[in-house]
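**Student:** Quick one: this structure, given as structure tokens, is what I'll be asking you about.
Derivation of every value follows stated rules applied to the coordinates shown; laboratory data play no part. A quick note: this is a predicted structure, and the numbers were derived from the prediction, not measured. Neighbour counts are summed over all protein chains in view; Cβ atoms, including those assigned to glycine, are modelled from backbone coordinates with ideal geometry.
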Amino acid sequence: MRIAPGPRSASWTELHAHARRLGAVPTRELFERDPGRFERFSRRGAGLLMDFSRQHLDEMVLGRLLELPEAAGLAAYRDAMWRGERINATEARAALHVALRQRPGERLGGEAIEREVLEERERMLAFAAGVRSGRIAGSAGKPFTLVVNIGIGGSDLGPAMAAQALAHYSRGAPRGEFISNVEGCRLADVLEGADPRTTLFIVCSKTFTTLETLTHAQSAREWLREALGEAAVPSHFAAVSVNHRAMDTFGVHPDHRFRMWDWVGGRYSLWSSIGLSLAIAIGREAFVAFLEGAREMDAHFRRAPWEENLPVLLALIGIWNINFLELPTLAVLPYEERLARLPAYLQQLEMGSNGKSVTLEGRRAEWQTAAVIWGGPGSNAEHSFYQLLHQGTPRAALDLLLPADSSCGNRAQHELAIASCLAQAEAFMSGYPAEAVREEFDREGLPAERRETLEPHKVHPGSRPSTLIAFPRLDPATLGRLIALYEHKVFTQGVIWGINSFDQWGVELGKRLAGALIASVRDPAGQPAVAPGVQQLLEQLAEWRNTP
Ligand code: F6P
């Protein structure tokens, strides 16, 4: 199926030549040459508008980029994913997260998988409805008012991000909290003053072996047991995992267990029962709308020709910026506070999937792969790191996300967000050239000696590439579309780079080394020697820890 990674295609060589050709041209000049860029370099699809007219490219570049999907065999690979083939080659697994959002009758993954997915979805949604209505309650019969999701990575980032993004759909639902980092202070804060009789814990862990998750789950279990007794535990825990034996051992009631499958990667699992805390927060109708939004993007990704295909275009723009303009980071800047956790979610999705340097053939990739993903809510960011983005030495690619309407009915202030976002997109692209600075000085009548000093400091070079993704409003369907857009962008980049987007061997080493160090942390003197540099650290930390 694999033809060859994109970097081995003739188009790749051509694209390097185009990067040299455009190297000395300011992006604003591309607009001056072609004022119709918006029409040429924006697309609509699956309810979104994607405006990439401020990217540093022209028709010739786009034409060559659009040759890469064919060169890399994207269509065949995409169809193989949908058929449930084991495209996750190093783990011999399928990557069938798209099957999680299928409608009845689609048979994605085959009849058996379709049946399992739909049955499990119904069980999860019924459980969520029971918690929301109070039909499912604590051991004392009191409805749950606090739902604590215990998980990490894909078992935390997705539910936490989505719960914040759709908070305006969770009025009247139990309060949701998310516990992940291993040090335990967050759990202590959440349980401070919490009523065990009305607290539900959801342990999300595909493997049910993750140190952080099991540690927190045991702490929560002990807290609950001490307050209400061992017999109360099953009423106050639910769990999502492939590991039924471990859920048995922990004492999770069979009706409170929800399954996952090996063919769903953690960072692609929000659509499954890992989304239970989200379903409790927003309810059945909104959760199904969330799935439907992703399904709409799936259909677009499968049907739209490459030149109209939003995930493919977003992927190709990323490849242009990373591999040819040599921009190694991408800042995700949502002009919507409720999407504040989206950059963190996309960090795992993008860097967990494509942070690889060995190709599917087992050879070292001689090209760059995933960018460093970072970012934060737009207008906050203007007051923190936009200085670097405008006038700094490291340059970044930018994704600006912009709802047309306020998610809380505050139209006047949301109009300020729109103005900020569009102004910044223009400023990043056109900069503030010296002649514009001098005109400003003329208008202000600035004295000559001040002009000479100040001018170089006020110039903005511009040519900071950005894509603007706009949509009517932040609702469940739109969130589903946005996440699926990035999922399929990541998939497309992985295929073109010739890497496996669905394994994560790089996260195992640290975990293994940490497990070996725990005894030494607890007793630096008494344990077998650790790496020289570590021993002194352990002793100093122990001294401080033992000094009140
Ligand atoms: O970070 C490694 C990883 O395996 C992620 O892929 C996963 O989302 C996370 O840890 C949690 O794993 P689990 O859901 O098995 O607890």
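**Student:** For a quick check: with amide H placed at 1.01 Å from N, whose amide H comes under 5 Å from residue 93's, ignoring anything fewer than 5 positions away on the same chain?
**Tutor:** Sorted by chain and number, the residues that satisfy this are 88.
**Student:** With N set to the residue count of segment 505-545, report its C-alpha Rg divided by 2.2 N^0.38 Å to two decimal places.
**Tutor:** Here the Cα radius of gyration is 1.23 times the empirical estimate.
**Student:** Considering only DSSP states other than H, G, I, E and B, which trypsin sites (Lys or Arg not before Pro) in segment 363-440 qualify as loop sites with at most 16 other Cβ atoms within 10 Å?
**Tutor:** Loop-located and lightly packed - 363.
**Student:** Please compute the contact order of segment 97-282 in relative form: average sequence separation of alpha-carbon pairs under 8 Å and at least six residues apart, divided by the residue count, as a percent.
**Tutor:** 30 percent
**Student:** Just name one of 62, 238, 484: the one whose Cα is farthest towards the positive end of the charge dipole of the chain (beta-carbon charges, Lys/Arg +1, Asp/Glu -1).
**Tutor:** Most positive-ward Cα: 238.
**Student:** Right, something else. In the chain, what percentage of the DSSP-assigned beta bridges are antiparallel, given to the nearest 5?
**Tutor:** Here the share of antiparallel DSSP bridges comes out near 25 percent.
**Student:** Restricting to Cα pairs below 8 Å that are 6+ residues apart, what does the relative contact order work out to for segment 1-130? Please round to a whole percent.
**Tutor:** Relative contact order for segment 1-130 comes out at 21 percent.
**Student:** So in segment 97-282, what percent of DSSP beta bridges are antiparallel if you round to the nearest 5?
**Tutor:** If I count the DSSP bridges inside segment 97-282, around 5 percent turn out antiparallel.
**Student:** Find out how many positive minus negative residues lie around residue 473, taking Lys and Arg as positive, Asp and Glu as negative, among other residues whose Cβ is under 15 Å from that of residue 473.
**Tutor:** Once positives and negatives cancel, what remains is -2.
**Student:** Could you tell me which of 137, 379, 97 has its Cα farthest along the dipole of the chain towards the positive end, charges placed at Cβ (Lys, Arg +1; Asp, Glu -1), taken about the Cα centre?
**Tutor:** Toward the positive end, the furthest listed residue is 137.
**Student:** Next up: In segment 97-282, if every C-alpha pair distance is counted and binned at 10 Å from zero, what percent goes to each bin?
**Tutor:** 10, 40, 38, 11, 2
**Student:** Another question, if that's okay. Among residues other than residue 524 whose Cβ falls under 11 Å from its Cβ, what is the net charge (Lys/Arg +1, Asp/Glu -1)?
**Tutor:** -1
**Student:** Give me the number: length gained by fully extending residue 248 to residue 454, i.e. 0.36 nm times residue separation minus the C-alpha to C-alpha distance, one decimal in nm.
**Tutor:** 67.2 nm
**Student:** Relative contact order for the chain: what is it in percent, counting Cα pairs under 8 Å that are at least 6 residues apart?
**Tutor:** Value for the chain: 19 percent.
**Student:** Per the Cauchy relation, a quarter of the hull surface: what is the mean projected area of the convex hull of the alpha carbons in the chain, in nm²?
**Tutor:** Quarter of the Cα hull surface area: 30.7 nm².
**Student:** Under a point-charge model restricted to the Cβ atoms of Lys and Arg (+1) and Asp and Glu (-1), what is the dipole moment magnitude of the chain relative to its Cα centre, in debye to the nearest 20?
**Tutor:** The calculation lands at about 1020 debye.
**Student:** Projected onto the charge dipole of the chain (+1 at Lys/Arg Cβ, -1 at Asp/Glu Cβ, origin at the Cα centre), which of 16, 330, 250 gives the Cα projection farthest towards the positive end?
**Tutor:** 250
**Student:** Same structure, new question: Charges only on Cβ, +1 for Lys and Arg, -1 for Asp and Glu: so what's the dipole of segment 1-63 about the Cα centre, in debye to the nearest 20?
**Tutor:** Here segment 1-63 has a charge dipole of around 240 debye.
**Student:** Here's something else I'd like to know. Give me the dipole magnitude in Debye, nearest 20, for segment 120-267 about the Cα centre, with unit charges on the beta carbon: positive for Lys and Arg, negative for Asp and Glu.
**Tutor:** Charge dipole, segment 120-267, about its Cα centre: 500 debye, nearest 20.
**Student:** Which FRET efficiency value, to the nearest 0.05, is calculated for residue 140 and residue 358 with the Förster distance at 56 angstrom and r the Cβ-Cβ distance?
**Tutor:** The value I calculate is 0.55.
**Student:** While we're looking at this one, here's another question. Report the net charge of residues surrounding residue 282, where surrounding means a beta-carbon distance below 14 angstrom and charges are Lys +1, Arg +1, Asp -1, Glu -1.
**Tutor:** +2
**Student:** Want the number for residue 440 to residue 380: 0.36 nm per residue separation, take away the alpha-carbon distance, what's left?
**Tutor:** Full extension from residue 440 to residue 380 adds 18.9 nm.
**Student:** Then there's this: Can you work out D for segment 245-404 in µm² s⁻¹ from Stokes-Einstein, where Rh is the Kirkwood radius over C-alpha pairs, the temperature is 4 °C and the viscosity is 1.567 mPa s?
**Tutor:** Translational diffusion coefficient: 69 µm²/s.
**Student:** Run the numbers for residue 340 and residue 28: contour at 0.36 nm per residue of separation, minus the present Cα-Cα distance, in nm.
**Tutor:** Full extension of this stretch gives 109.3 nm more.
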